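Below: the structure, in structure tokens.
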Amino acid sequence: MSSTTRTRRAEVEVVHDGPTVTNVLVGCVGVLCLLGLVMVYSASSVASVQGGGSSWAVVLRQAGFMAVGVALAVLAARVPLRVWRDRLAVPVLLLGAGLQGVLALDVLLRLLGIADLPVAVTVNGATRWLELGPISGQPSDLVKLGLVLWLARLLDQRHRQIGSPELLKPVLVVTGILSAFVMAGDDLGTTLLLGTVMLTMLFIAGAPLGQLAMIAGGGASLAVLSLFVLEGFRLRRIAAFFSPDDHVATEGYQLLQSQIGFASGGLFGNGPGNSRAKWGYLPEADTDFILAVIGEELGLIGSLVVLAAFCCFMAAGIRVAVSARTRFGRSVAVGVTTWIGVQALINIGVTVGTLPTKGITLPFVSYGGSSLVMCLVAVGLLVSVARDR
Amino acid sequence: MPSRVDENIVVRRRVLALGVVLALLAIAPTYKLVGVQLGDGAALAERGHDQRVRERRITALRGSILDRNGVELAISVPTKRVVADMRELRAEGVETEVDLRQFARLLGEALELEPDPLAGRLVRAGADDPWVRLAEAVDEPVAAAALERIEAEGIIGAVHLEDSTHRVHPAGDSALRLIGTLGIDGPGELAGVERTFDDELSGVDGRVVVEIGSRGQTITGSERMLADPDPGADVHLTLDRALQHEVERVLADAAARTGAERAIAIVGVPATGDVLAAGAVERSSVDGGIGLSSGPVVFSSAYQAGSVFKLVTVAAAVDAGVADADRWFTVPDRIQVDDRTFSDHERHPIEQMTTTDIVARSSNVGSIMLAQELGAERLHEALKGFGFGRPTGVGHPAESGGILSDVADWTRPDLAASAIGTSQSATAIQLWGAYNVIANRGRYVAPRLVDAVVAADGSRHAPAVPAPRQVISPEAADEVGRMLEAVVSDGTAQSLDLPGYAVAAKTGTSRMPSPTLVDPEDAYIWPDGRRHYLAAFTGYFPADRPQVSITVLLEDLPEGMTGGSAAGPVFDELARLSIRELQIAPAGSTQVVPGGRVRAQPAATPGT
């Protein structure tokens, strides 16, 4: 009698496991999205009004992107994993790589002095945005999704070759090309993120640790090399990171203002809408450095809620990976979880000053259309894995 | 090749390891967040506070200056002050003197101001001065447009507009030299009532703390009042604006008619010392046109006013019992005192004159004879008693005390010269105050320009004035008063014609010393080779119950003009004006005009 009950209870747990994880995922993402919407409004309103527009200008666009993202996420969750693997993985990768390639081409053509592509937008020397008529965005977000899908498909199809150099060849070539495209846009943060996602997915797929260490070491050397080869501004940022006060007027200024925001917030914050950093002191207050505004307005409690939400998200992602039915599903779950989790940790690390300034957004929270939409699609994908049983 | 089961175990382990790694990665930012937000963030928060919190002043509204009837003479209206923050300016790349001058040019063009003074202020300012005043009293729309223009040039947050005030004079330039004007730092050292009562007028500035954004914009809702501004008190003058304006007009006409370079008049109430009008006009050295004087000459210019000083000589002699009105003197037309000869204005044989005759005909020789009997000590004492030799304290910072040399230094010729007013000098206000002694039956009442200071809360106080003092006996004063009446009825002021009103007055005509010594023999020869004359006419009426006293001075008249012929008509016209403005009843109809006396002699004034 008792043993039967226990068995049933176990069965019930198993049956309900999927939806529960899905609830946690959706709950975390929902909290982050809504908090993001409110904080994007707060952080952008001053700049919007000073720019001569409505205080709602930025947040309404963000809400629009959110609507599109949620719709695509629901769609993504309903697409069977089989279809993702067989029909969508390669096209998504090609599309992402193609768009990012256009940006790289623009950089190359400008370097050679041949042409300046009108679709590529360069801000502060970094070519990261594509503008196609009314639609604009950062293709690097699509590249991340494409890499995760394609790599999961490859590791599934050729799982018998795990650990062999034959498998590494396409992995390194594709990741290398994508990284090169992204680096052309002067985006070391995204490049490191791509490498981390690749390594993690190989690791979970069972690649030998020695091999992974060699790849990691090689990648790190390349990254360090690129620091010295490319223009000095990233070096300055890193120098500023180590001594922000010496670079107050330049590179360290942003970090200093970010920390002033956190420090002013204290435990409970100054209340919603009462950030001072957003009054022109903190650059990128509504995008990369939005956590500082959250910390200032909602205090340590607010910033820890954000951190906790990402931790829950990662835990749920890991749970999905563990209980995934297929290799493809597991790889996708690990890839998406690593992508979003590590991106969030890098962003938080940058805003609080444990990492050098990178130019990476806080998923779901920062203002930015392509980032928000792609992250939401990735969540849809994760839900699709959870449903696949 | 691992089996499926082995693979699953490895994968599970590795996935869990990933989870652990990710969790570990989250520790560092958590630790840092707690540290900054709960732990050692105070210094950072303080830094944020410093970069955005500014204390700003709210200028208190300056009090008004009003005439005796409450008519506004000077009021403050809100405007904008333009200030620069040198630190912000430097941050915007405007740092070197060349930059600052170029910036001043841009600003000057935008504010419709001369760029050089602006550049001067910017260049002189300390490099870290957060509050450099560039322009005051800028109209709000002009200031806002200028700020926009500067920001359009990319200089943002370095120039601010503050609320300020601008002084407006509804009566125009009338009485402006008495009231004074304000510069960028408030009233200048000699700027009239504005200066004397600056503390009362200016009030206390308020202070407000605001938080500013990176471009200097005020953060919404961040203002916190530290102290409300305390508006300044109003200053009520003794002046009557209408009479003042008329006096200035009459003086301008008189200067044009007589050819005087400058004309001065004071009209006031002898019993209280209230100055009702004090005007001065002068001829422009550029185009010869006549306009209001550019300085407070009623109080600041001292004259060797000549015969009008004889009043003091005679009054002191009568008071001392040296002579009464009817005592006879044998008076020649010239008198030798040591090495100097003094002569009467007109040649005459040796004559018998009473004291009254000496005053009526303004005899120099007779006056000197009186003074010689009186002695230097008593004459000097009387001159001081009548208010000469020191400022009257009327309430104007530019007031001069005139010149009255120490009696110890007087030689015998000095005594003679002092008796007829060619040794000492006096301002118009001193002369007016001296004649009031006779009108007030021997009492000296200090002239006053300010009646009361009324604080914003309505409390009123009268500024301190010296207590009235008895200079000569009432009887002596009455006797001298009758002599002054004789000047008008039989003497040098017979031209005066004021039916129904007995006037007591004295004329004076004196040579003006040349500003530069041309002829070593004669200090009265001017660079143009001619002598220049000062005409004076001072007195009061009605003689039996004085209500108005008037002093007129015409400076630098052509030869042939006298106190009686040049200044007399001005006195006459001012007397008629006063009768009309102050509703003074003629003789035999005391108090028939209700309000007349009340208006001229406010009940609150001291000494009545």
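Here are the numbers for this structure:
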{"quantity": "Charge dipole of region A:110-201 about the Cα centre (unit charges at C-beta), most positive-ward option of A:188, A:176, A:111", "calculated": "A:176"}
{"quantity": "nm² value of the averaged projected area, convex hull over the Cα atoms of region A:85-181", "calculated": "7.4"}
{"quantity": "Gain upon complete extension [residue B:228, residue B:517; 0.36 nm per residue less C-alpha separation]", "calculated": "98.1 nm"}
{"quantity": "Kirkwood hydrodynamic radius (C-alpha pairs) into Stokes-Einstein, region B:134-293, 10 °C and 1.306 mPa s, D in µm²/s", "calculated": "81"}
{"quantity": "Positive minus negative residues near residue B:436 (Lys, Arg vs Asp, Glu; Cβ under 11 Å)", "calculated": "+1"}
{"quantity": "Peptide ranges A:309-322, B:278-291 listed from the most packed, as the mean C-beta count within 10 angstrom indicates", "calculated": "A:309-322, B:278-291"}
{"quantity": "Shape of region B:54-136, Cα gyration tensor, a/c cut at 1.5", "calculated": "prolate"}
{"quantity": "Accessible area per residue, Å², region B:89-205 with all protein chains present, probe 1.4 Å", "calculated": "50"}
{"quantity": "Shielding score for B:17-24, defined as the mean number of other chain Cβ atoms within 10 Å", "calculated": "6"}
{"quantity": "Mean projected area in nm² (Cα convex hull; one quarter of hull surface) for chain B", "calculated": "42.4"}
{"quantity": "Stokes-Einstein D for region B:214-278, Kirkwood Rh over Cα pairs, 20 °C, 1.002 mPa s (µm²/s)", "calculated": "130"}
{"quantity": "Carbon/sulfur fraction of accessible area - region B:449-588, other protein chains in place, 1.4 Å, %", "calculated": "52"}
{"quantity": "FRET E, pair residue A:177, residue A:301, Förster distance 41 Å, beta-carbon r, rounded to 0.05", "calculated": "0.40"}
{"quantity": "Relative contact order (%) - criterion: Cα under 8 Å, at least six apart; region: chain B", "calculated": "13"}
{"quantity": "Calculated P(r) tail over 16 Å for region B:339-433, as whole % of Cα pairs", "calculated": "59"}
{"quantity": "Charge dipole magnitude, Cβ of K and R +1, D and E -1 - the protein assembly as shown, Cα centre, debye nearest 20", "calculated": "7620"}
{"quantity": "Shielded by partner chains, region A:261-300 residues - at least 10 Å² of accessible area, 1.4 Å probe, vs chain alone", "calculated": "A:262, A:263, A:264, A:266, A:267, A:276, A:279, A:280, A:281, A:300"}
{"quantity": "Cα-centred dipole magnitude for region B:1-147, charges only on beta-carbon of K, R (+1) and D, E (-1), debye, nearest 20", "calculated": "940"}
{"quantity": "Chain A: radius of gyration over Cα atoms, expressed as a fraction of 2.2 N^0.38 Å", "calculated": "1.01"}
{"quantity": "All aspartates and glutamates inside 15 Å of residue B:32 as judged from Cα atoms, apart from same-chain residues fewer than 8 positions distant", "calculated": "A:296, B:40"}
{"quantity": "Charged-residue dipole, Cβ positions (Lys, Arg, Asp, Glu), region B:431-559 about Cα centre, Debye nearest 20", "calculated": "540"}
{"quantity": "Of all accessible heavy-atom area on region B:138-243, the percent that carbon and sulfur account for (1.4 Å)", "calculated": "46"}
{"quantity": "Volume of the Cα convex hull of region A:21-165, divided per residue and given in Å³", "calculated": "180"}
{"quantity": "Three principal axis lengths of region B:381-512 [C-alpha, angstrom, descending]", "calculated": "55, 46, 31"}
{"quantity": "Kirkwood hydrodynamic radius of the protein assembly as shown, from inverse mean 1/r over distinct Cα pairs, in Å", "calculated": "36.5"}
{"quantity": "Peptides ranked, highest mean first, by Cβ atoms within 10 Å: ranges B:147-155, A:352-360, A:102-110", "calculated": "A:352-360, A:102-110, B:147-155"}
{"quantity": "Average silhouette area of region B:515-561, convex hull of alpha-carbon atoms, in square nanometres", "calculated": "4.6"}
{"quantity": "FRET E, pair residue B:55, residue B:148, Förster distance 30 Å, beta-carbon r, rounded to 0.05", "calculated": "0.70"}
{"quantity": "Per residue solvent-accessible surface (Å²) - region A:52-129, probe of 1.4 Å", "calculated": "56"}
{"quantity": "Semi-axes of the equivalent ellipsoid for region B:3-158, Cα gyration tensor, largest first, Å", "calculated": "61, 22, 15"}
{"quantity": "Taking chain A and dividing mean pair separation by its residue count, relative contact order in percent (alpha carbons under 8 Å, at least six apart)", "calculated": "27"}
{"quantity": "Reach of residue B:310 by Cα under 21 Å, taken over lysines that are not fewer than 8 positions away in the same chain", "calculated": "B:384, B:506"}
{"quantity": "Chain-alone versus full-assembly comparison, region A:200-226, residues with accessible loss of at least 50 Å² (1.4 Å probe)", "calculated": "A:203, A:204"}
{"quantity": "Debye log10 I(q)/I(0) at q = 0.14, 0.18, 0.20, 0.21 Å⁻¹ for region A:262-389, Cα point scatterers", "calculated": "-0.64, -0.93, -1.06, -1.13"}
{"quantity": "Probe 1.4 Å, accessible area per residue of region A:245-389, Å²", "calculated": "25"}
{"quantity": "Fraction of accessible area attributable to carbon and sulfur, region A:329-389 (%, probe 1.4 Å)", "calculated": "58"}
{"quantity": "Angle between chain B longest axis and helix B:376-385 axis [Cα atoms, degrees, rounded to 10]", "calculated": "50"}
{"quantity": "Sparsely packed trypsin sites (Lys or Arg not before Pro) within region B:345-379, loop by DSSP, other Cβ within 10 Å at most 14", "calculated": "B:347"}
{"quantity": "Chains B and A together, accessible area buried on both sides, 1.4 angstrom probe, square angstrom", "calculated": "3800"}
{"quantity": "1.4 Å probe, heavy atoms, protein only - residues of region B:30-79 losing at least 30 Å² accessible area vs chain alone", "calculated": "B:30, B:32, B:33, B:36, B:37, B:38, B:44, B:45, B:47, B:51, B:52"}
{"quantity": "For region B:126-180, the fraction of alpha-carbon pairs in successive 5 Å shells from zero, as %", "calculated": "4, 15, 19, 17, 15, 10, 8, 7, 4, 0"}
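The values are calculated or read from the model by the stated rules, or taken from the named source; none is laboratory data. As the structure is a computational prediction, the values presented were derived from the model and not from experiment. Positions of Cβ are backbone-derived with ideal geometry, glycine not excepted, and every protein chain shown enters the neighbour counts. Ligands, DNA and RNA are excluded from the accessible area calculation, which covers all protein heavy atoms including side chains. Shrake-Rupley method; radii C 1.70, N 1.55, O 1.52, S 1.80 Å.
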